[in-house]
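J.: Please read through the structure below; I'll follow up with questions.
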Amino acid sequence: MYAVVEIAGQQYRVNPSEKLYVSKLENDVDSVVKFDKVLLRADEKTVTVGNPTVKGASVEAKVLGHSKDDKVIVFKKKRRKGYRVKRGHRQQYTQIEITSIN
């Protein structure tokens with residue numbers, strides 16, 4: 001059984017007991033999150049495609065923790081003008097574990 005669910009504006013294909021990283025969610029660690037935007041749900045015999053979402057379907061996940069990605073350096077320069085800017089960015093993620101697909 002699997003589902004395609006929209007989390008924070010991005011689509012993920014998820015299976016029960018799967019762990020994945022998504023964009024940062026504002027939930028506490030060890031809390032349960034419910035996602036209602038299920039775009040597709042499939043089991044062994046049937047595939048249900050939503051229009052735009054599957055009615056009554058939801059995905060529950062447990063928040064395992066929050067982390068940051070590696071730093072990305074953004075360097076801008078215009079030659080012969082004396083313009084140089086150096087900035088860094090670290091994307092924040094939340095690790096979740098899919099507990100059930102309803």
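The values are calculated or read from the model by the stated rules, or taken from the named source; none is laboratory data. Remember, it's a predicted structure, so these values are computed and weren't measured experimentally. Glycine gets a Cβ as well: all are built from the backbone with ideal geometry, and neighbour counts include every protein chain shown.
J.: Any idea how many residues of region 2-19 are more than 10 Å from A61 (Cα to Cα), surrounded by 11 or more Cβ atoms within 10 Å (Cβ to Cβ) and not β-branched (V, I, T)?
T.: Here the count works out to 8.
J.: Anything in region 22-59 that is surrounded by 16 or more Cβ atoms within 10 Å (Cβ to Cβ) and either assigned to a strand (DSSP E or B) or not β-branched (V, I, T) (or both)? List them, or say none.
T.: Scanning region 22-59 gives V22, L25, V33, F35, K37, V38, L39, L40, R41, A57, S58, V59.
J.: Additional query: Quick check: is even one residue across region 73-88 closer than 24 Å to V33 by Cα, at pLDDT 95 or above and assigned to a strand (DSSP E or B)?
T.: For region 73-88, residues closer than 24 Å to V33 by Cα, at pLDDT 95 or above and assigned to a strand (DSSP E or B): absent.
J.: Looking at A8, A3, which is the one that is among the small types (G, A, S) and at pLDDT 95 or above?
T.: A3
J.: Output the residue which, of all residues in region 1-21 that are polar (S, T, N, Q) and not in a strand (DSSP E or B), is farthest from H66 (Cα to Cα).
T.: N15
J.: Inspect all residues belonging to region 83-93 and state whether any of them is surrounded by 15 or more Cβ atoms within 10 Å (Cβ to Cβ) and touching a strand residue (DSSP E or B) at 6+ places or on another chain (Cβ under 6 Å).
T.: yes
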